[in-house]
1. Select from the stretch 181-211 the residues that are assigned to a helix (DSSP H, G or I) and farther than 13 Å from Ile138 by Cα and list them in ascending order.
2. Quick check on the stretch 443-468: of everything there that is surrounded by 10 or more Cβ atoms within 10 Å (Cβ to Cβ) and β-branched (Val, Ile, Thr), which residue is nearest to Met101 (Cα to Cα)?
3. Out of Glu280, Glu333, Glu313, I need the residue that is free of Cβ contacts under 8 Å to residues at least 60 places away in the same chain, in a loop (DSSP other than H, G, I, E, B) and in contact with a Cys (Cβ under 9 Å, 6 or more places away or on another chain). Which one?
4. Residue check, Asp410 against (1) outside any loop (DSSP other than H, G, I, E, B); (2) over 21 Å from Val201 (Cβ atoms), all met but one. Which one?
5. Can you confirm whether Val189 is within 23 Å of Asn200 (Cβ to Cβ), among the aliphatic types (A, V, I, L, M) and in contact (Cβ under 8 Å) with a residue 60 or more places away in the chain?
6. Which one is farthest from Gly406 (Cα to Cα), of the residues in the stretch 237-252 that are of a type outside the set (S, T, N, Q) and not in a strand (DSSP E or B)?
7. In the stretch 382-407, which residue that is within 17 Å of the chain's Cα centre (by Cα) and in a loop (DSSP other than H, G, I, E, B) is surrounded by the most Cβ atoms within 10 Å (Cβ to Cβ)?
8. I'm trying to understand the selection: among the residues of the stretch 356-381, which are outside any loop (DSSP other than H, G, I, E, B), under 22 Å from Glu262 (Cα atoms) and in contact (Cβ under 8 Å) with a residue 24 or more places away in the chain?
Amino acid sequence: MSDLSPAQIVSVLVDKAREAQAHVATYNQQQIDQLVTAVGWVVMDGNTNRRLCEYAVQETGLGNVADKMKKNTRKTLGLMRDILGVKTVGVINDDQAAGIMEIARPVGVVGAIVPSTNPIATPLNNIINALKCANAIILAPSPKGQASCQRVLDLIHAELDLIGAPKDLVQMLPAPVSKALSFEMLAQVDLVVATGSQNNVRAAYTSGTPAYGVGAGNVTSIVDETADIDHSAAKIIASKTFDNATSCSSENSLIVIDANYEAVMASLTAHGACMLEQDEQAQLQDVHWQHGKLNPVVLAKPVAEVCAAAGIERQQAVNAKVLMVQETGWGKEHPFSGEKMSLVLTVYRARDFDHAKQLASGILSYQGAGHSLSLHTQDMSRAQQLGHEMPVCRVIVNQAHCYATGGSFDNSLPFSLSMGCGTWGGNITDQNVHFRHYMNVTRVVRPIPAQEVTAEDIFGDYQREFHS
């Protein structure tokens, strides 16, 4: 394809995808479910999963092998559980009383932008969701994740061959993936799912193609004075360290109520965190941002490498699982208040719960509005307060946030790697993007007995109170 323009290259892929999609549009539910099971199977073999993750870490320089393996397995099993037995072919609902029959229809060809942070789990999630609704899909991986994405596709194609399904159902842009190719894909497909940088999301929204994009993460976690301190600290450290904080759902800031601040800090330290001294924090800030942007040398790297890059030599810091810094404000003048994608946790000390809410609101107003907020408490009314007052689509209570916000076996959110942030985050959806977002529904509307009303039924009380 080297002699073709980006538009022509993408057109060839889309034509092949449409032909393959037309074929599976004739599949019954059993055939569709076999199709998605074949795709999910590719990471179920431990040795295969390990090899994929080793290459991914080697090529992207992000995360760690053990956690990527867990993520691939857990996210795939969780998604397969979510869609098990779900009807996505033909009539999916028939409400006789309402006179409405719903028929599932494919959207056609899906284009998915894949971030380098999750070059295996995100493609699998997108592919399974797309195929569950009888679509074809084309992936646009990041340059760093391109080779990993190709390996996943090779495995998927082998499984599709086994069950006699067309391989062109699942394709990716050819190497080297460029912005021109990605933009052409956005314009030529029928639906876009954009996960990753906000530049990618904005490109998706301006492509002229219907798009699901997700907002930036900058998760803030509140630990109030009623919290189970050791339980909370353990959950926070487990979440923050998972895959070296590659996830947009990793905690970036921690707000601790003054009444138990010292106890929480002691517990975090016992679980492997280290609070930096003032000069060390300044050194880290200097290296963490270069020209106002996050520096790749610290992103999703082990703490020892972060310390080396910042010139921090204190052994307690070098040997820590997580580095902590202290902050009081938010905004550009306080860069640690933003998303860091590193094993660095910003700590705030709040006078009381009202002050904690004020701090959380300020942090979210700077970065991360719409995504999610974490609360550790034994007072469930406070979770409801946050749900009423904070500009977020999820309030995660007493859980390891990184695991919980994208769906977990012990909560009811759909398993997903793409969290919509609603209008707060500039997104069209406030949900975890899941299979239902990859489907059109045609409604057959039958007549039912009329349900007419009079003006008196609607306006009578109002008229008597204000216009009598």
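1. Filtering the stretch 181-211 down to residues assigned to a helix (DSSP H, G or I) leaves 181-188, 198-205.
Those that are assigned to a helix (DSSP H, G or I) and farther than 13 Å from Ile138 by Cα: Gln198, Asn199, Asn200, Val201, Arg202, Ala203, Ala204, Tyr205.
2. Checked the stretch 443-468; the qualifying residue nearest to Met101 (Cα to Cα) is Val444.
3. Details: Glu280 fails: in a loop (DSSP other than H, G, I, E, B); Glu333 fails: in contact with a Cys (Cβ under 9 Å, 6 or more places away or on another chain).
None of the others qualify; the one that does is Glu313.
4. (1)
5. Working: within 23 Å of Asn200 (Cβ to Cβ): yes; among the aliphatic types (A, V, I, L, M): yes; in contact (Cβ under 8 Å) with a residue 60 or more places away in the chain: yes.
Yes: the conditions hold for Val189.
6. Residue satisfying both the conditions and the ranking: Ile237.
7. Of the stretch 382-407, the ones within 17 Å of the chain's Cα centre (by Cα) are 392-396, 399-407.
Now restrict to residues that are in a loop (DSSP other than H, G, I, E, B): 393-394, 399-400, 405-407.
On the way: Cys393: 25, Arg394: 26, Gln399: 17, Ala400: 22, Thr405: 29, Gly406: 26, Gly407: 22.
So the residue we want is Thr405.
8. Selection gives Ala356, Lys357, Leu359, Ala360, Ser374, Leu375, His376.
The values are calculated or read from the model by the stated rules, or taken from the named source; none is laboratory data. Because the structure is predicted, anything quoted here is derived from the model rather than measured. Positions of Cβ are backbone-derived with ideal geometry, glycine not excepted, and every protein chain shown enters the neighbour counts.
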